[in-house]
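Nothing in this text is a laboratory measurement; each read-out follows from the coordinates by a stated rule. All values reported here derive from a predicted model rather than from experimental measurement. FYI the Cβ positions are ideal-geometry reconstructions off the backbone, even for glycines, and counts take in every protein chain you see.
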Amino acid sequence: MKSGSTPYHLCLDVLGNSLRINIIKELEREPKNVGELAKALGEEQSKVSHSLAALKKCSFVEAEKFGKKTIYRLSESLLKKIEGENLFEALEKHYKEHSCKCWRC
C-alpha cells in the first residue's frame, strides 16, 4: 500500500457483512438494544451481539447503558462525517480519526 493512502478495503471488510449492514439500517431508524435488533432482523441475539461488537470497535456504533439494557445507535462522529459527503470522503475521515483500532494493519 502506498504511503498516505487509506485502506478502504479494510473498512469495507467490516461493513461487507449483510447482518452488519442491516444493523446499521435499523439504527438509522432509531436506537435499539440487542433484543430489539435481533427481533427486528429475525436473527439470533448472539449473532447480533457479535456484529455490534465489531461495529462498536470500529466506531460505527456507540452504546449507552440504561440500567441493565445497553442501547446502540450510530456514532455521532460517523453521522457528521457522512453528512454531505461521498462514502470515500467519509471513510477517509473515519480512518484518520480511528486509525487501526478496528482495521487489521
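Each peptide among 63-76, 27-40, 46-59 gets the average number of other Cβ atoms lying within 10 Å of its residues, and from highest to lowest they stand as 46-59, 27-40, 63-76. Here's how it looks for V61: its modeled amide H is under 5 Å from those of K56, S75, which are all 5 or more places away or on a different chain. Of the listed pairs K47/K69; K68/K93; K25/K65, which have alpha-carbon separations greater than 24 Å here? Going by Cα-Cα distance, K68/K93 fall outside the 24 Å limit.
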